[in-house]
Amino acid sequence: MSTAKLTINLDALATNWRNLDALTTCETAAVVKANGYGLDAGRVGQALAKAGARNFFVAAAEEGVALRRAIGAGPGISVFSGHMEGDSKLLREFQLTPMLNSLDQMLRHFEVLPGHSFGVQLDTGMNRLGMEAAEWAAVRDIALGQQPVLLMSHLACADEPNHPMNAQQLQTFIELTNGLDVPRSLAATGGLLLGRNYHFDLCRPGIGLYGGLPFSDGLPVVQLDLPVIQTRDLDVGETVGYGNAWTAARPSRIATVAAGYADGLHRALGAGEIGVFAGQTRCPVVGRVSMDLITVDITDLADTPDHLTILDEQQTVDMLADAAGTIGYELLTSLGARYARSYTG
Ligand SMILES: *Cc1c(COP(=O)(O)O)cnc(C)c1O
């Protein structure tokens, strides 16, 4: 093994989808934007379609094209960014359903692709995407006349179950959509976990599928093994890495492993309390994370391992993200292109 190895467990992914689905009585879709949270939307989409997912969401039409090529005709693919200028051909050719975000998008859609399936995204307070109440009131009857397949909105604070914003957005969503006889969707992973009131007709989890919080019962989906390139023995007082950031306080054995911030292992990890694992044994990361390399104190190991594991069930994406001052979403989507990727299941 000369490059770091990223193993993606598609069985765990499918189990996470099934377990989330089991928490609802409505349909459970799957969000595979940003190339399936960095894990390959095609592979992820195929595995989830096999597990039973019938509807997928992506951020942009181009992502929808790649997904359609991977999963074939049949499953629904919806596009959060709606119908942007230049998207029409892709939406039509690859049977993608835009979630229309504005009057402009709606006019474009009805003019260029009349009769083509669409949904409407409503803003219930996040102020990011979707039509606000006044805009929706003005176009609602026209939209309903063209038979939208979904009315959706997105929660800003769903990962904090007690945040008053949740109930407030729920109330607004109900006011904007009640009695319209169109399928509705409000919940991503966090909203799904808030309970039935938030489920409506379709939930659309993303991060929970990939083993990330707030789905604390999720199985880890990724494992990352870093090959040991070289080891050396240090005397007391010798230093390691850029800026002499770490000093040996005892005679120490240091292993240099092949991955760094260019591979999505943020430089900020060097300042955290991060370890890497030789089996069950934790070895502390010492010194700064460099572009392609990380240094590890393996003094307490009896033997030099051929690799050390930085991500697995012992150290999850959220633990690693936390140490870098970010969230699991960012860590996953930053995992680099240099890894030898393998898919199990
Ligand atoms: C990213 C996203 C989701 C999925 O969110 P998770 O927190 O990853 O479950 C759902 N809906 C919208 C609109 C999104 O942008």
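About its Cα centre, the dipole of the chain is roughly 620 debye, where the only charges are +1 on Lys and Arg Cβ and -1 on Asp and Glu Cβ.
Shape summary of the range 221-287, radius of gyration then Dmax from alpha carbon positions: 12.5, 40 Å. All alpha carbon pair distances within the range 1-64 were sorted into 10 Å bins beginning at 0; the resulting P(r) in whole percents reads 21, 50, 23, 6, 1.
Note on Lys50: lysines with a C-alpha under 27 Å away, same-chain residues under 8 apart excluded, are Lys5, Lys33.
Counting other Cβ atoms within 10 Å as a rough exposure proxy, the listed residues Asp263, Asp201 run Asp201, Asp263 from fewest neighbours to most. Above 14 Å, the calculated P(r) of the range 123-167 contains 58 percent of its Cα-Cα pairs.
Coupling constants for the range 235-245 follow from the phi torsions by the Karplus curve (6.51 cos²θ - 1.76 cosθ + 1.60, θ = phi - 60°), and in residue order they are 7, 3, x, 6, 10, 10, x, 4, x, 6, 5 Hz; glycine and proline get x.
Against the empirical 2.2 N^0.38 Å scaling, what ratio does the C-alpha Rg of the range 10-210 come to?
The value comes to 0.97.
Based only on other Cβ atoms within 10 Å, what is the fewest-to-most ordering of Val58, Val276? Could you put the intermediate results ahead of the total?
Values: Val58 26, Val276 29.
Ascending number of Cβ neighbours within 10 Å: Val58, Val276.
Around Val112, with a cut-off of 11 angstrom between Cβ atoms, what is the net charge of the other residues, counting Lys and Arg +1 and Asp and Glu -1? Please list the in-between numbers first.
Details: positive: Lys89, Arg92, Arg108; negative: Glu85, Asp87, Glu111.
Taking every Cβ under 11 Å from that of Val112, the sum is 0.
Amide hydrogen proximity for Leu151: with H placed 1.01 Å from N in the peptide plane, the residues at 5 or more positions away or on another chain lying under 5 Å are Val120, Arg184, Ser185. Rounded to the nearest whole angstrom, the semi-axes of the ellipsoid equivalent to the range 222-344, taken from the Cα gyration tensor as √(5λ), stand at 23, 16, 13, largest first. Working ranking of peptides 125-132, 315-322 by packing, defined as the average number of other Cβ atoms within 10 Å per residue, highest first, is 315-322, 125-132. Here the dipole of the range 74-175 is about 260 debye; that uses its Cα centre as origin and unit charges on the Cβ of Lys and Arg (positive) and Asp and Glu (negative). Translational diffusion of the chain was estimated from the Stokes-Einstein equation, with Rh taken as the Kirkwood radius over Cα pairs; at 37 °C and 0.692 mPa s the coefficient is 151 µm²/s.
Using only C-alpha atoms and all pairs of different ones, pull out the Kirkwood radius for the range 277-345 in Å with one decimal. Walk me through the numbers before you get to the answer.
Working: mean 1/r = 0.0728 Å⁻¹.
Its Kirkwood hydrodynamic radius stands at 13.7 Å.
With Cα atoms defining each centre, the range 211-286 and the range 175-194 are spaced 43 Å apart in the structure.
Read the figures in this text as sums done on the coordinates, not as results from a lab. Just so it is clear, the model here is predicted, and its values are computed rather than measured. Heads up, the Cβs are rebuilt from the backbone with ideal geometry, glycines too, and the neighbour counts pull from every protein chain shown.
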